[in-house]
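Below is one structure; the comments refer to it alone.
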Amino acid sequence: MIREGCLMIREGACGDDLSKHELPGYRAGVGIMLLSRENLVFVGRRIHMPPGLALWQMPQGGIDAGETPRQAVWRELREEVGTDRAEILGESRGWFYHEVSVEISQGMMGGKYRGNRQKWFAMRFIGADRDINIATDHPEFDAWKWLKP
């Protein structure tokens, strides 16, 4: 059960084990905390983001029909960062739920969802910076950098 007023909801944070529940109106997805060898975090600057919202973010995206979260995380890494030079360090046990702004809900999500239900992965980048190519077939970022967590 979810308590009213919780914006960021995760297993045990605002109620019972939410990994057993699938809330309606939340798009299933994955998020990636890609770490360099120096433990810096990859962030990209979104190309299409409504004014006033954060432009820089870690890679994330939806889980396609018939896809597992682990399959989705590799696909999203290739689609958004242009590489698969990484290894999985860990995966969140439960799902993280969060609501998005009306601009994103009605715009980018086409009014189908009120937020995201995400599994997050910590991944170690094992390539060189030259292996990162955000100019993919359908780019989502126009710049990227490594930041301290």
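Answer yes or no: is there a residue in the range 64-85 that is surrounded by 13 or more Cβ atoms within 10 Å (Cβ to Cβ) and part of a strand (DSSP E or B). There is no residue in the range 64-85 that is surrounded by 13 or more Cβ atoms within 10 Å (Cβ to Cβ) and part of a strand (DSSP E or B). When Ser105 is tested against (1) within 17 Å of the chain's Cα centre (by Cα); (2) in contact (Cβ under 8 Å) with a residue 40 or more places away in the chain, just one condition goes unmet, and that condition is (2).
For the range 116-128, state whether one or more residues are in contact with a strand residue (DSSP E or B) (Cβ under 7 Å, 6 or more places away or on another chain), open to solvent by 70 Å² or more (accessible area, probe 1.4 Å) and touching a residue at least 12 places away in the same chain (Cβ under 8 Å). No, because not a single residue in the range 116-128 is in contact with a strand residue (DSSP E or B) (Cβ under 7 Å, 6 or more places away or on another chain), open to solvent by 70 Å² or more (accessible area, probe 1.4 Å) and touching a residue at least 12 places away in the same chain (Cβ under 8 Å).
What are the residues in the range 106-115 that are surrounded by 14 or more Cβ atoms within 10 Å (Cβ to Cβ) and among the small types (Gly, Ala, Ser), if any? Correct list: Gly107, Gly115. Please go through the range 23-43 and give me each residue that is farther than 14 Å from Ile63 by Cα and either modelled with pLDDT under 95 or not in a strand (DSSP E or B) (or both), ordered by number. Residues satisfying the conditions are Leu23, Pro24, Gly25, Ser36, Arg37, Glu38, Asn39, Leu40.
Test Gly94 against the stated conditions and say whether it is small (Gly, Ala, Ser) and either touching a helix residue (DSSP H, G or I) at 6+ places or on another chain (Cβ under 6 Å) or under 24 Å from Asp142 (Cα atoms) (or both). Spelling it out, Gly94 is indeed small (Gly, Ala, Ser) and either touching a helix residue (DSSP H, G or I) at 6+ places or on another chain (Cβ under 6 Å) or under 24 Å from Asp142 (Cα atoms) (or both). Applying the set (1) among the charged types (D, E, K, R); (2) open to solvent by 60 Å² or more (accessible area, probe 1.4 Å); (3) out of contact with any Ser or Thr (no Cβ under 9 Å at 6 or more places or on another chain); (4) over 17 Å from Val43 (Cα atoms) to Arg93 leaves exactly one unmet item: (3).
Applying the condition of being in a loop (DSSP other than H, G, I, E, B) and in contact with a helix residue (DSSP H, G or I) (Cβ under 7 Å, 6 or more places away or on another chain) to the range 54-63 and asking which residue is most open to solvent (accessible area, probe 1.4 Å) yields Ile63.
Return the residues of the range 93-136 that are closer than 12 Å to Gly29 by Cβ and assigned to a loop (DSSP other than H, G, I, E, B); say none if nothing qualifies. Selection gives Trp95, Val100, Met109, Tyr113.
The values are calculated or read from the model by the stated rules, or taken from the named source; none is laboratory data. All values derive from a computational prediction rather than experimental measurement. When we count neighbours, we look across all protein chains shown, and the Cβ atoms used for this are built from the backbone with ideal geometry, even at glycine. Heads up: the accessible areas ignore ligands, DNA and RNA and are worked out on the full protein's heavy atoms, side chains in. Shrake-Rupley method; radii C 1.70, N 1.55, O 1.52, S 1.80 Å.
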